[in-house]
Amino acid sequence: MRQLIVAALCILTASAGAQDDYTPPTGKLVKMVVVSRHGVRSPLEANSALAAWTVGRAWPAWPTGRPGLLTDRGGELAALMGGYYRVHAAQAGLVPASGCPTSRSAFIRADVDERTVATAQAIARGFAPDCRIDVQRAIPSPDPLFHPTKARVCAIDAKKAERAILARLPDGFAGLDRKLGAAIATTQDLLQCCRPDVCSRPHADSCCRESACAKTGVPGSACKLTDIPTGLTGGKTGPRMCGAIGIGSTASEIFLLEYAQGMREQDVAWGALNGANLERLQVR
């Protein structure tokens, strides 16, 4: 998910004293910088691809027509966020409470994707209704501000990164799977994963290209998410996680998007998402 930068107005605060000798800050808010992701979007994968992760369950339809686009609901929520920023900035005396801000008092820059540009435009509408705040698009692409690895200003050595990741896992990914076993099992219950083609060979949708991920079942048979070991696979900008945690993290994000979109209760994780299993999915 790419980011959107809203550099509107921006922040300088005075530091407080020590805890045992606290005095109210006397600094003045003179500028505010907001860094935000895009609003609610449809999943990046088409339902036909996501179907590999479910057995006997159909993913709900999204109103965008194709994957990865900002929804009308996402735009509405982003506009509300822009309105909140306006109130906050006005209370600090940075802009008037109503009317259009001066041309140099607000600046918005977004990445080139539709969802980030549309989110920026919605924030601008909420911040200053009936006013024109131009959204600057990132040029060139990839923009080093949003994509430092793709732009090669912060290139990642894939092998070095993989060694660093494994060094933080004394028990390897197998130990991580055990540690997150409850969350993986809950995701399995929600998904009813997986189709045979995910289980018996490397599958692009599961991000599994490691040999371990291909040994999880007999050809033609289904398997569970808990049967697919987590591992690393190569990506364009560095290693990516694959297997149970890779699938589970994407699925959990989609459930959150369904909820934020305001879908019917029976469509959010097929009506199976409740407070108890939602808490198990919140890995810390």
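The values are calculated or read from the model by the stated rules, or taken from the named source; none is laboratory data. The structure presented is a predicted model; accordingly, all values stated were derived computationally and were not measured. Glycine gets a Cβ as well: all are built from the backbone with ideal geometry, and neighbour counts include every protein chain shown.
Residues that are in contact with a Ser or Thr (Cβ under 9 Å, 6 or more places away or on another chain), among the hydrophobic types (A, V, I, L, M, F, W, C) and in a loop (DSSP other than H, G, I, E, B) were ranked within the range 79-121; the one that is surrounded by the most Cβ atoms within 10 Å (Cβ to Cβ) is 95. Among the residues of the range 21-47, the one identified as outside any loop (DSSP other than H, G, I, E, B), touching a Leu at 6+ places or on another chain (Cβ under 6 Å) and charged (D, E, K, R) is 41. Residues that are assigned to a loop (DSSP other than H, G, I, E, B) and under 16 Å from residue 192 (Cα atoms) were ranked within the range 262-273; the one that is modelled with the highest pLDDT is 272.
Answer yes or no as to whether residue 148 is loosely packed, with under 15 Cβ neighbours inside 10 Å and free of Cβ contacts under 8 Å to residues at least 12 places away in the same chain. Considered against the rule, which asks whether it is loosely packed, with under 15 Cβ neighbours inside 10 Å and free of Cβ contacts under 8 Å to residues at least 12 places away in the same chain, residue 148 comes out as no.
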